[in-house]
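The values are calculated or read from the model by the stated rules, or taken from the named source; none is laboratory data. Small disclaimer: the values here were computed from a predicted structure and weren't measured. Backbone-built Cβ (ideal geometry, glycine too); neighbour counts: all protein chains shown. These area figures cover heavy atoms from the full protein model, side chains too; ligands, DNA and RNA do not enter into them. Shrake-Rupley method; radii C 1.70, N 1.55, O 1.52, S 1.80 Å.
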Amino acid sequence: MVTFLPAGDTGLVVEFGDAIDPTINEQVMDLDAAIRAEPPEGVVETVPTFRSVLIHFDPLRTSAESLSESVRALIGSRSARTMKSRHWKVPVCYEAEHAPDLHDVAERSGLTPDDVVAMHSGRAYRVYMIGFVPGYPYMGDLDERLVLPRREDPRTRVPVGAVAIATSLTAIYPVESPGGWHLIGATPIRLFDPGDTPPALFSPGDKVSFQPVDSRRFERIRDEAAKGIYTPEYQEIAS
Amino acid sequence: MTSLLRVATGGTQTTLQDLGRFGYQRFGLPVAGALDPFSLRLANALVGNDPAAAAIEILGHGPTFEVDAESVRVAFTGSHAGFEVNGEEATIVPSYRSHTVYRGERLAVRAMPDSQVGYLAVEGGFEIEPVLGSLSTYTRAGIGGFGGRALRGGDALPLTLPRASERTERRLAAPPSIGHECAIRLILGPQHEAFTREAVETLLTSTFTVSRDVDRMGMRLDGPTLEHSGGFNLVSDGIATGCIQVPGSGQPIVLLADHQTTGGYPKIGSVISADIPLLGRRRPGDNIRFKEVSVPQAEAARRSAERDILQAIKSIADAPPLRGIDLDCLYNRNLISGVIDAWD
């Protein structure tokens, strides 16, 4: 069931559901790709989210009605996924100095810290969307045993690179920001750099898995990344 | 020798802004750009720039500059406050006209009693590299503009032109209205169904006040609270400029140029694009009333607003010289009477 909703006279929301669900998100990514492959007149940019595509448009070049008609014709077309998604291998150090909430998470889940690390790094996650702050990837779904509500006392400063979990999701803080998620590790790689085009490493629809590294390897990668000689590992995914 | 506009004092929040940075919201990067794009375009047009060029956006208390160039042509818009030039003698330059300032002169934007935001455009613009296609400053991530931040004393903005071009100064035929008395038009949704019927009724019939909690990201409104019919946490979706989100407190927040790209609070309505400039000008303590319109009405309003600005730009004509007119008197009379129709 697809719903069209106005977000003022410059935004059109095309909604596929109201849940965090890979099937819904897949429909979002398909429509997003179809619009990007052949943008209808007046489209400025699109923002794919968990459950909807927000189409930003110029009301002087099109109307919500005419845009809705063009977009309706694109729904369900799978042929447009020409832009390849990537599967990233992200190094994460889960050692205590980088993982202030790991013990707490383990305790609250009835697991050992090693179990938490094994579960968190044991599967590939979908990048459902990017939002909150520049480059912040909402990724899921976590092993059900790791599902916890957000922290009751959000931190005012979460460091760059912190790897976090909350609800059924995991994320990496790409810039220093406030944050209410549980910090269970850190990555030395840069997720956001305004000097790059695009400025974010991940794109919505990519896959991410985490590879545990010790703190020595973490430091080495961080130094290489700072010098611009570290290239994160990825494989292209056939859609 | 490099031409510079030196910043003597930065003011409350003075940033470079153009019409925004588009194409990167999918990566979580806000558009930023002028809070009052209407006034930005007029300021640029007055100095002969592309209306979409970057200019200096002034929020709250104004900055002061010193000219370290042979000369530079500037124009100020958005507020009717104008600016002062202190050289060999002091001059008050009204808003909505161009003026050339010379080496060693000091330019001070006057207090803006009638608007939260003003624009100072510089002929030829700034010799600064755009970031991701735009000069707009997004301070939260330190991106764009001058070093990704607001201007402060000691900064020096590099100018593209060594001196002002040879031509007569120009002005707008009639300064536009600030529009404080206008109701702000909105389209309900995308999530007005997450609210009680009373909440929607309250939004459309009450008078709200702009709270002190206002910045380039959004404007929290004081007034009656708006009750959700169910929970107030949705699965996050996209946000457009002008969306009115309502967190658990029930206090609406109107999202402005620096808004986050996505969010999980229900959005009861969205201010139409024609009225975004009016929103940007409202100051803490100002009243806000909302009026519902349909999508086709909003689209017609935007076309009409666009005709207005193109007409205003077309009305720009040669200005009589400043000397000989008692500008301070004219300026004060106009502000006190609150009726500003024309210069003469």
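Label-to-label distance for B:Ala90 and A:Glu236 is 6.7 nm, based on points extended 7 Å past Cα in the beta-carbon direction.
Counting only DSSP beta bridges with both residues in the protein assembly as shown, the antiparallel share comes to about 90 percent.
Each part gets one Cα centre, and for region B:253-303 versus region B:68-136 those centres are 28 Å apart.
The mean number of partner chain beta-carbon atoms within 10 angstrom of a residue's beta-carbon across peptide B:298-308 is 3. When the trypsin sites (Lys or Arg not before Pro) in region B:153-250 are filtered for DSSP coil states and for at most 12 other beta-carbon atoms within 10 Å of their beta-carbon, the remaining sites are B:Arg167. Rounded to the nearest 0.05, the FRET efficiency derived from the C-beta distance between B:Glu166 and B:Tyr102 at R0 = 25 Å is 0.95. Peptide A:63-69 has a mean of 2 when you count, residue by residue, the C-beta atoms of other protein chains within 10 Å of its C-beta. With the simple spin-label model, which puts each label point 7 Å out from Cα in the Cβ direction, the B:Arg283 to B:Glu306 separation comes to 3.3 nm.
Computed on the Cα trace of the protein assembly as shown, the radius of gyration divided by the Kirkwood hydrodynamic radius gives Rg/Rh = 1.00.
For the pair A:Ser168 and A:Ala73, the difference between a 0.36 nm per residue extended length and the Cα-Cα distance amounts to 30.9 nm.
Among the trypsin sites (Lys or Arg not before Pro) in region B:76-138, none is located in a DSSP loop while being surrounded by at most 12 other Cβ atoms within 10 Å of its own Cβ. Put B:Leu188, B:Leu310, B:Leu221 in order of accessible area, highest first, and with a 1.4 Å probe you get B:Leu310, B:Leu188, B:Leu221. Rg then Dmax, both in Å and based on the Cα atoms of region A:85-237: 14.3, 43.
How many partner chain Cβ atoms sit within 10 Å of a residue's Cβ in peptide B:77-84, on average, as a whole number?
Details: counts 0, 0, 0, 0, 0, 0, 0, 0.
Mean partner-chain Cβ count within 10 Å for B:77-84: 0.
Evaluating 6.51 cos²θ - 1.76 cosθ + 1.60 at θ = phi - 60° for every residue in region B:28-44, the Karplus couplings come out as x, 9, x, 6, 6, x, 4, 5, 10, x, 4, 5, 4, 5, 5, 4, 4 Hz, glycine and proline recorded as x. Assuming R0 = 30 Å, can you tell me the calculated FRET efficiency for the pair A:Val147 and A:Thr3, based on Cβ-Cβ distance, to the nearest 0.05? It comes out at approximately 0.60. Between the residues A:Gly131, A:Pro188, A:Pro232, the greatest Cα displacement towards the positive end of the dipole of region A:117-239, with unit charges on the Cβ of Lys, Arg, Asp and Glu, is found for A:Pro188.
Please compute, over every Cα-Cα pair in region B:184-303, the percentage with a separation greater than 18 angstrom. Present the calculation step by step, with values, prior to reporting the outcome.
On the way: 3253 of 7140 pairs.
So the pairs more than 18 Å apart make up 46 percent of the total in region B:184-303.
Size descriptors for region A:3-74: radius of gyration and Dmax over Cα atoms are 11.3, 35 Å. Taking 17 Å as the cut-off, the amide N atoms of region B:243-283 that come nearer than this to a point 7 Å along the Cα-to-beta-carbon line of B:Asp222 belong to B:250-254, B:282-283. Taken one residue at a time, the phi angles of region B:282-292 give Karplus couplings (6.51, -1.76, 1.60, θ = phi - 60°) of 5, 9, x, x, 6, 7, 9, 10, 10, 9, 7 Hz. Gly and Pro are set to x. Computed from phi, the 3J(HN,Hα) profile of region B:121-130 under the Karplus parametrisation 6.51, -1.76, 1.60 (θ = phi - 60°) reads 9, 10, 4, x, x, 10, 8, 10, 6, x Hz, with x in place of Gly and Pro. Heavy-atom accessible area of A:Arg150 with all protein chains present, probe 1.4 Å, nearest 10 Å²? Result for A:Arg150: roughly 130 Å² accessible.
The dipole here belongs to chain B: it is taken about the Cα centre, uses +1 on the Cβ of Lys and Arg and -1 on the Cβ of Asp and Glu, and is about 320 debye. For A:Ser121 and A:Arg36, the FRET efficiency from 1/(1 + (r/R0)^6), where r spans their Cβ atoms and R0 equals 35 Å, is about 0.65. Note on B:Ser211 and B:Ile313: the model spin-label points, each 7 Å out from Cα along the C-beta direction, lie 3.8 nm apart.
Heavy-atom accessible area buried between chains A and B is around 3200 Å² (1.4 Å probe, both sides summed). For chain B, the mean projected area of the C-alpha convex hull, equal to one quarter of the hull surface, is 17.0 nm².
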